[in-house]
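The values are calculated or read from the model by the stated rules, or taken from the named source; none is laboratory data. Note that the structure is predicted; figures quoted are calculated from it, not measured. Neighbour counts run over all protein chains shown; Cβ positions are idealised from the backbone, glycine included.
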């Protein structure tokens, strides 16, 4: 029963957010299409046969949530336990149901569509809403990973909210609710993954710095110095919070962090999807070059010469699509010279930073495909408008040439 209520609510989203969807038939149609394919995926995965990507973490999270629901016992910690506790709490109230876990993920995806469209409006790309939404939600790996009982949908939603509310807060710096929502979203994002906790402080610093560059009244050096000190002060307060979150000290103050990263990469199980790129700390230059090599492999593997099966073919096609959208994102930024360029610069910085963060701990393109959900929405927004206009020009030339 709960699953059906959630499903109805998901379908009602366009009516609940009329100011966003504006009852645009094409936009609403694309939204419904994206939801229905996820519902089909959920039904197949739960009642018929297991789909790729639904084993491993997805099953573990569900089983742990089921245990929490049945016993009421849980151990709070940052990362996946937060998601498991949330899922277990819902199961305890509504009854344990694998399809319910899927339905919650689809609900979170539907809310991310709303936030995505709000960001599109801020960036003044409203003419491309339908295309951006389709590109964002129709990628097969995104369809699967935003349907299964995984935390990626939640991470993406909270990150989107941080970006949206961060931009809105800068535009309306006296709005207390926007600032409060920004910090709450930042905390929720950080609680879901230890790496995102680190990243939340980077985002906080980035938005503080960016806000200083947005207002003429804040463009003096004293304000910038205050922004730096404000961020440092927050970092210094972390040990106080570590009384509750004990593993925070390790994240921020482990002097052997590089060794930890190297050990993690070396300890990861080698598979057919692994790429043999290691972090080389023998010298400063080799260390920097190896970091960039890891980042490049994370973004674009597998390469054509590595394709050997159907899964490789799909991964290769997806990497080509990413290359195209990244290229289009840069072209859009380069060709924009008005106020929008500052927003596009911010979005590109967020894309580079979040993808770089995930690349550090990723050693195979199977895991990379799942992690890329965290930055896919950004290049969907930035790359789609340029790509649409390029295709329109090409097809127009072809059509005119035939007449």
Checklist entry - Do any helices (runs of 4 or more DSSP H) lying entirely in region 325-402 carry at least 3 residues that are more than 19 Å from the chain's Cα centre (by Cα), and which ones are they? => result 340-360, 373-402
Checklist entry - If you check every pair at least six apart or on different chains, which have Cβ atoms under 6 Å apart with a residue in region 70-95 that is assigned by TED's automatic domain parsing to the domain that holds residue 5 first and a residue that is surrounded by 15 or more Cβ atoms within 10 Å (Cβ to Cβ) and part of a loop (DSSP other than H, G, I, E, B) second? => result 78/245; 79/193; 83/151; 85/74
Item to check | Looking only at region 289-307, and only at residues there that are surrounded by fewer than 17 Cβ atoms within 10 Å (Cβ to Cβ) and not in a helix (DSSP H, G or I), the one that is farthest from the chain's Cα centre (by Cα) | outcome: 307
